[in-house]
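One structure is given below, encoded as structure tokens.
The values are calculated or read from the model by the stated rules, or taken from the named source; none is laboratory data. Every value quoted in this text rests on a predicted model; they were computed, and no experiment measured them. When we count neighbours, we look across all protein chains shown, and the Cβ atoms used for this are built from the backbone with ideal geometry, even at glycine.
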Ligand code: GLU
């Protein structure tokens, strides 16, 4: 096989969403698996809805995910420019060729005329499509329109009674009849090319061998094939990847929660977890293993194992996976990754006041409890918030043995505390007083934090230090005594 070349071609009309990210990722995986190249092309011909801000956000999202490309916007290359609005002369040249060949014609129809035609067809129970009324304009008619200052669009003349067949690498053989398709605009009256035209010119000139994109573009494919044929371009292979549905089997939308990649970043998802999760939206490896790093995914990826049926976006699975990735990080690494979330939290000053060692204790203490990085704020709150006693914790405090345990704790705390040493100390208290570990840990936890649940108690005590820990225990004794 020749060198494989694929592209990701987003329209910068919004941020990068889950669906777009999955398309970008599949292209990336395919390119890397076969040692091919990935092109990033910006399809910004919808100038009203496109913006540089969105383009930048899309690029930032790709970079955050670790999806890099070999050629295109931000990288350069031999087939540039890679922003469609900078390629208008190229499209014009091919539109002129099609006009000369008789495969396209000028269309002077106004919006109103087109709308009237549409309504008339609908009223007849027909599927609306262009009637072809400008197909056979005489020279005089054309000259008269031009003299009136009407700017024409260019329409592609759809060949009649043709069958267009795509052997889609995911969907299998799909056929389309040309008779169902009206002559379509390839260059609008403002000189901008339409998607179906520009995409073909670019894919052909950029040497794209495989077009891997969302299923919604399958119905555009016959129009594109017509242009490939008319221009004698070699057509690429196509692979249309299925929709992504929410848990309720409806098309993914805002109702299903965050959709843009930057929102996931802000919520504290790890890009490596998200990449792993996205890779499984429609693709499955051979084995049972779900947690795979990018190198493993690249090695295992193939279009043969991409499913035809829609993928379901399961947030619980993403959360599980993110937690798994967090557990696998070294505490030093995790400490850096949660830092921005803590710095943006109400505990910023307290966290900044911690020594490096205490900061690592803090992070190690909550590591197993995080679903996302942003959870760190809630999880460390117990360290920094004043104690308030939950009803069940107050009950525990009223147990017979509680005062004994609390007194023993106050009496036995050494000056300098390190989580492992504190743990041993608490065990010692149990041994001395013939109490089960739980009967030592639970009253202490309730006295110190006011809660029956929370992060590891020895670490909490280490973080509070001797003075604060004793103060908290004494406070609970006062509360118990009804003061
Ligand atoms: N700009 C199109 C989109 O964002 C690209 C479609 C394609 O990959 O051909 O949907």
Checklist entry - Quick one: how many residues across segment 234-256 are more than 16 Å from residue 311 (Cα to Cα) and surrounded by fewer than 16 Cβ atoms within 10 Å (Cβ to Cβ)? => result 3
Checklist entry - Are there any pairs with C-beta distances below 7 angstrom linking a residue in segment 1-19 that is over 23 Å from residue 279 (Cβ atoms) to a residue that is within 14 Å of the ligand (Cβ to nearest atom) and in a strand (DSSP E or B), with the two at least 6 apart or on different chains, and if so which? => result 12/42
Next on the checklist: Just checking, does segment 365-385 include any residue being surrounded by 14 or more Cβ atoms within 10 Å (Cβ to Cβ) and more than 30 Å from residue 330 (Cα to Cα)?
Outcome noted: no
Checklist entry - Can you find a residue in segment 169-180 that is more than 15 Å from the ligand (Cβ to nearest atom) and at pLDDT below 95? => result yes
Next on the checklist: For the condition touching a strand residue (DSSP E or B) at 6+ places or on another chain (Cβ under 6 Å) and touching a residue at least 24 places away in the same chain (Cβ under 8 Å), what is the one hit in 299, 364, 311, 335?
Outcome noted: 311
Item to check | Residue count, segment 117-170 (criterion: in contact (Cβ under 8 Å) with a residue 24 or more places away in the chain and part of a helix (DSSP H, G or I)) | outcome: 2
Checklist outcome for this item: Scanning segment 230-243 for residues that are away from the ligand (no atom under 14 Å from the Cβ) and in contact with a strand residue (DSSP E or B) (Cβ under 9 Å, 6 or more places away or on another chain), the one farthest from residue 314 (Cα to Cα) turns out to be 230
Item to check | 1 or more residues under 23 Å from residue 277 (Cα atoms) and touching a helix residue (DSSP H, G or I) at 6+ places or on another chain (Cβ under 7 Å): qualifying helices (runs of 4 or more DSSP H) within segment 312-373 | outcome: 315-327, 331-343
Checklist entry - So residue 187 clears everything in (1) within 16 Å of the ligand (Cβ to nearest atom); (2) closer than 25 Å to residue 72 by Cβ; (3) crowded, with 19+ Cβ neighbours inside 10 Å except one condition, right? Which one? => result (1)
Item to check | Cβ-Cβ under 8 Å pairs, at least 6 apart or on other chains, segment 193-218 side on the phi > 0 side of the Ramachandran plot, far side part of a helix (DSSP H, G or I) and more than 11 Å from the ligand (Cβ to nearest atom) | outcome: none
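Given the residues 48, 55, which is the only one that is in contact (Cβ under 8 Å) with a residue 24 or more places away in the chain and within 20 Å of residue 86 (Cα to Cα)?
Just a single option satisfies the conditions, and that option is 55.
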Next on the checklist: Going residue by residue through segment 200-217, is there one that turns out to be closer than 18 Å to residue 106 by Cα, under 29 Å from the mean Cα position of the chain (by Cα) and within 12 Å of the ligand (Cβ to nearest atom)?
Outcome noted: no
Checklist outcome for this item: segment 381-483: helices (runs of 4 or more DSSP H) wholly inside it with 2 or more residues that are touching a residue at least 12 places away in the same chain (Cβ under 8 Å), touching a helix residue (DSSP H, G or I) at 6+ places or on another chain (Cβ under 6 Å) and within 28 Å of residue 341 (Cα to Cα) are 437-449, 457-480
